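Here the structure is laid out as structure tokens; the discussion comes afterwards.
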Amino acid sequence: MNTETRLGFFAGLGAFFIWGSLPLYIRLMQHISAADLLAHRVVWSIPTALIFIAIAANWRDVRNALKWDKLKWLALSGALIGANWGCYIWAINADRTMEASLGYYINPLVNVLFGMIFFSERLRAAQWLAVGIATIGVGIMTFAYGQVPWVALFLCMTFASYSLIRKQVAVDSRAGFLMEVLLLAPLALAWLVWISQQAGSRVFGGGGWDVALLVAAGPITSIPLILFALSARRLKLSTIGMMQYIGPTLQFLIAVLVFREPFGWTHATAFGFIWTALAIFTADSVMGEAKARRLARSARVV
């Protein structure tokens, strides 16, 4: 593992541990509406991103991100991650943390499908099997909820699309994130101004600790995204996919053990199919990369 790959690995690890613990923060701020908390996440991410850029002294990358060929894609990735944040906050406060975790469990398999669609990557038999088994799991979860688990599907599709764009746009992770939140900031600020003018509204909650926690939404939001973007540029999509199990596993445990969300036999069966699919996918990916390394070594010897 070279230095760049090692940096990507530990950056990804940090990102997914923070994301996995995020439901605890959101539930702590449950008295703040989802739209208000989303707006604060956007606004307070700007100074955090600026601090990271100032520390690295990479203002040249900011100028590079302002070029139209990159800015148009960052506008799209910003819209996707903003929609993802809003849906996730709502889901946690609506006692649907388990369904949110399901979305992020499915996400690695969506990455594989995106690789096939956009990069002409061929899926191996085991990968097709994993996708099929996961589809059965989603079907069972649909039966369990009595409706299509739209929260799970929306979260996995928006985040997989975000990952796809950020992997392809040659922009520093910090500069790219700054552009994303700057593009979202006018909407966020307009919302907070409008809310502040409503009777009985409290933009900063109850004051005191609420102010500190709302400001903390900036680093809580920006640090894992910047870490993820660092890893996305340095790791294979399949490696990122495997690491993404960390986040939903923590979310799932928090949903069941801390939030006490219902978890019956139907849920267990659905998650059993998803976990089986991920086990097959992971084993196949590990064996595939091991085979590729052996072939590379053989080629060097020859």
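The values are calculated or read from the model by the stated rules, or taken from the named source; none is laboratory data. Bear in mind that the values here come from a model prediction, so they are computed numbers and not experimental data. Reconstructed Cβ throughout: ideal geometry from the backbone, glycine too, with neighbour counts over all protein chains shown.
Could you list, in sequence order, the residues of the stretch 83-134 that are exposed (fewer than 15 other Cβ atoms within 10 Å of the Cβ), part of a helix (DSSP H, G or I) and polar (S, T, N, Q)? Listed by number, the list is empty, since nothing qualifies.
Looking only at the stretch 1-47, residues that are farther than 28 Å from Arg202 by Cβ and β-branched (Val, Ile, Thr) come to 2 in all. Of all residues in the stretch 249-270, those that are more than 23 Å from the chain's Cα centre (by Cα) and polar (S, T, N, Q) total 2. If only residues of the stretch 145-160 that are crowded, with 19+ Cβ neighbours inside 10 Å and among the small types (Gly, Ala, Ser) are counted, the one that is farthest from the chain's Cα centre (by Cα) is Ala152. Across the stretch 1-16, which residue is surrounded by the most Cβ atoms within 10 Å (Cβ to Cβ) among those that are in a helix (DSSP H, G or I) and free of Cβ contacts under 8 Å to residues at least 40 places away in the same chain? The extreme case among them is Phe10. Restricting attention to the stretch 27-45, and to residues there that are β-branched (Val, Ile, Thr) and at pLDDT 90 or above, which single residue is nearest to Gln197 (Cα to Cα)? Across the stretch 27-45, the extreme among qualifying residues is Val43.
So which residues in the stretch 28-71 are out of contact with any helix residue (DSSP H, G or I) (no Cβ under 6 Å at 6 or more places or on another chain), of a type in the set (Lys, Arg) and either in contact (Cβ under 8 Å) with a residue 40 or more places away in the chain or closer than 23 Å to Ala212 by Cα (or both)? Correct list: Lys70 only. Could you tell me whether Ala35 is hydrophobic (A, V, I, L, M, F, W, C), surrounded by 20 or more Cβ atoms within 10 Å (Cβ to Cβ) and either within 23 Å of Ser77 (Cα to Cα) or touching a Ser or Thr at 6+ places or on another chain (Cβ under 8 Å) (or both)? It is false that Ala35 is hydrophobic (A, V, I, L, M, F, W, C), surrounded by 20 or more Cβ atoms within 10 Å (Cβ to Cβ) and either within 23 Å of Ser77 (Cα to Cα) or touching a Ser or Thr at 6+ places or on another chain (Cβ under 8 Å) (or both).
Give the number of residues within the stretch 49-82 that are among the hydrophobic types (A, V, I, L, M, F, W, C) and closer than 16 Å to Leu164 by Cα.
Total satisfying the criteria: 8.
Here is the figure for the stretch 178-205: residues that are modelled with pLDDT of 90 or more, among the small types (Gly, Ala, Ser) and in contact with a helix residue (DSSP H, G or I) (Cβ under 7 Å, 6 or more places away or on another chain) total 2.
Screening Trp19 with (1) of a type in the set (A, V, I, L, M, F, W, C); (2) closer than 18 Å to Ala212 by Cα; (3) crowded, with 21+ Cβ neighbours inside 10 Å gives one miss only, at (2).
With the structure loaded, tell me whether Ala175 is touching a His at 6+ places or on another chain (Cβ under 8 Å), assigned to a helix (DSSP H, G or I), crowded, with 18+ Cβ neighbours inside 10 Å and hydrophobic (A, V, I, L, M, F, W, C) or whether it fails that test. Answer is no for this residue. Looking at the stretch 208-218, is at least one residue closer than 28 Å to Met116 by Cβ, touching a residue at least 12 places away in the same chain (Cβ under 8 Å), touching a helix residue (DSSP H, G or I) at 6+ places or on another chain (Cβ under 7 Å) and crowded, with 22+ Cβ neighbours inside 10 Å? Taking every residue of the stretch 208-218 in turn, none turns out to be closer than 28 Å to Met116 by Cβ, touching a residue at least 12 places away in the same chain (Cβ under 8 Å), touching a helix residue (DSSP H, G or I) at 6+ places or on another chain (Cβ under 7 Å) and crowded, with 22+ Cβ neighbours inside 10 Å. Within the stretch 252-269, can one find any residue that is in contact with a Gly (Cβ under 6 Å, 6 or more places away or on another chain) and among the hydrophobic types (A, V, I, L, M, F, W, C)? No, because not a single residue in the stretch 252-269 is in contact with a Gly (Cβ under 6 Å, 6 or more places away or on another chain) and among the hydrophobic types (A, V, I, L, M, F, W, C).
Within the stretch 213-235, the set of residues being within 22 Å of Asn2 (Cα to Cα) and of a type in the set (S, T, N, Q) comprises just one member, Ser231.
Among the conditions (1) among the small types (Gly, Ala, Ser); (2) surrounded by 14 or more Cβ atoms within 10 Å (Cβ to Cβ); (3) over 28 Å from Leu253 (Cα atoms); (4) free of Cβ contacts under 8 Å to residues at least 60 places away in the same chain, the only one that Gly78 does not satisfy is (4).
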